[in-house]
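Input: a single structure, listed below in structure tokens.
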Amino acid sequence: MTIKEIQEEIIDEFSMFDDWMERYEYIIDLGKSLPLIDAAYKLDENLIKGCQSKVWLHSEIQNEKLVFTADSDAILTKGIVALLLRVFSNQKSEAILQADTKFIDQIGLKEHLSPTRANGLVSMIKQIKMYAIALQTK
């Protein structure tokens, strides 16, 4: 699936919920399904700067695509990371760099996060795009 198709799927899923408590629960459930990051990647160099909670993000290249693994020590943040990885993992670097993140606004996520969590979300996206830039320069 393309990034845009995945984003459309997420927008559809979020439209099924009537209120934000249900959406928060859904995001938390997504975090529970996040594949465990290898403990070897839970290093300071993989920590995302600018997040209120600890978020580790690791990428590797498989078949010319970036594959991400991540973890967080906060359940809501872990769900947000799971959402981002669903969109950006297993994608080519060009697609990641060209992708917009309007789906985050369309599902209302940013406006329902505290300012520090919203900053963390921006930092996570920035780090994903940095990995994509790094892949292109190799």
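Scan region 30-55 residue by residue and report those that are closer than 24 Å to Thr137 by Cβ, touching a Leu at 6+ places or on another chain (Cβ under 9 Å) and open to solvent by 30 Å² or more (accessible area, probe 1.4 Å). Scanning region 30-55 gives Tyr41, Leu47.
Taking region 58-90 only, how many residues are within 23 Å of Asp29 (Cβ to Cβ) and either in a strand (DSSP E or B) or open to solvent by 10 Å² or more (accessible area, probe 1.4 Å) (or both)?
Final tally of qualifying residues: 17.
The residue list Asp19, Asp44, Asp38, Asp71 contains one member that is of a type in the set (Asp, Glu) and within 14 Å of the chain's Cα centre (by Cα), which is Asp71. Applying the criterion of being among the aromatic types (Phe, Trp, Tyr) and in contact (Cβ under 8 Å) with a residue 24 or more places away in the chain to the residues of region 6-25, the residue that is surrounded by the most Cβ atoms within 10 Å (Cβ to Cβ) is Phe14. For region 44-66, the count of residues that are among the hydroxyl-bearing types (Ser, Thr, Tyr) and under 19 Å from Lys129 (Cα atoms) is nonzero. Lys126 meets each of the listed conditions (1) under 15 Å from the mean Cα position of the chain (by Cα); (2) over 20 Å from Gln7 (Cα atoms) apart from (2).
The test for being open to solvent by 20 Å² or more (accessible area, probe 1.4 Å), out of contact with any Lys or Arg (no Cβ under 6 Å at 6 or more places or on another chain), within 22 Å of Glu5 (Cβ to Cβ) and β-branched (Val, Ile, Thr) does not hold for Thr137. Filtered by the rule that a residue be touching a residue at least 24 places away in the same chain (Cβ under 8 Å) and not hydrophobic (A, V, I, L, M, F, W, C), region 34-61 gives Pro35, Asp38, Tyr41, Lys42, Lys49, Gly50, Gln52, Ser53, Ser59. Against the list (1) more than 21 Å from Gln7 (Cα to Cα); (2) under 13 Å from the mean Cα position of the chain (by Cα); (3) at pLDDT below 95, the condition Leu109 fails is (1).
The values are calculated or read from the model by the stated rules, or taken from the named source; none is laboratory data. Fair warning: this is a prediction, and the values are worked out from it, not measured in the lab. Backbone-built Cβ (ideal geometry, glycine too); neighbour counts: all protein chains shown. The area values use the complete protein model at the heavy-atom level, side chains included, leaving out ligands, DNA and RNA. Shrake-Rupley method; radii C 1.70, N 1.55, O 1.52, S 1.80 Å.
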